[in-house]
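Coordinate-derived values only; no laboratory data. All of these numbers come straight from a predicted model, not from anything done at the bench. Cβ sites come from the backbone with ideal geometry, for glycine too, and all protein chains shown count toward neighbours.
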Amino acid sequence: MSDIAIKEDEASQTAPQRNDADALFTLGMRYSAGRDVEHDLVAAHKWFNLAAMMGHEGALAARAELAREMAPEQIAEAQKQARAWLWNRDAPAQPSQAPGAAIVRPIYVRRQAQAMRSAKAFARNCA
């Protein structure tokens, strides 16, 4: 496993526990610049999106700038990947299921993300 893959895996596991938007932002910068990893706008947008959700102001600007260079399909894929990352991170462990059985995940994952965005928007408006 390459060093960057290990760092990405570590960031994806530890950043949410520490609420470390900087680690996610750094991953976005690496993918957008192709530094130590293959240049990938979709992955960069995903990491910027996650960092922005945690309140990183630089990630908001970087995501907007990056989106101007991307096709709508690429942005949709990046958002899908970000949701999947949140979904898998926040979902409680599922009991063993038969192959092909649907995994039922709670809706709170999406609502939690919406609440975070609303709280941050409210805090900015009150400041």
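Around Ala62, under 13 Å between beta carbons, what's the net of Lys plus Arg minus Asp minus Glu among the other residues?
0
Assuming 0.890 mPa s and 25 °C, estimate D for region 40-79 with Stokes-Einstein, Rh taken as the Kirkwood radius over Cα pairs, in µm²/s.
Once the numbers are plugged in, D ends up at 254 µm²/s.
Output the peptides 25-35, 41-51, 65-75 sorted from most to least packed, where packing is the average of other Cβ atoms within 10 Å over each peptide's residues. Let's see the in-between values first.
On the way: 25-35: 18.9, 41-51: 25.1, 65-75: 13.0.
The packing order, highest mean first, is 41-51, 25-35, 65-75.
Quick one: if the Förster radius is 22 Å, what FRET efficiency do Ala61 and Asn88 give, using the C-beta to C-beta distance and rounding to 0.05?
Values: r = 27 Å, r/R0 = 1.23.
After rounding to 0.05, the efficiency reads 0.20.
Could you give the spread of the C-alpha atoms of region 15-68 along their three principal axes, from largest to smallest, in whole angstroms?
Rounded to whole Å, the extents work out to 27, 23, 13 Å.
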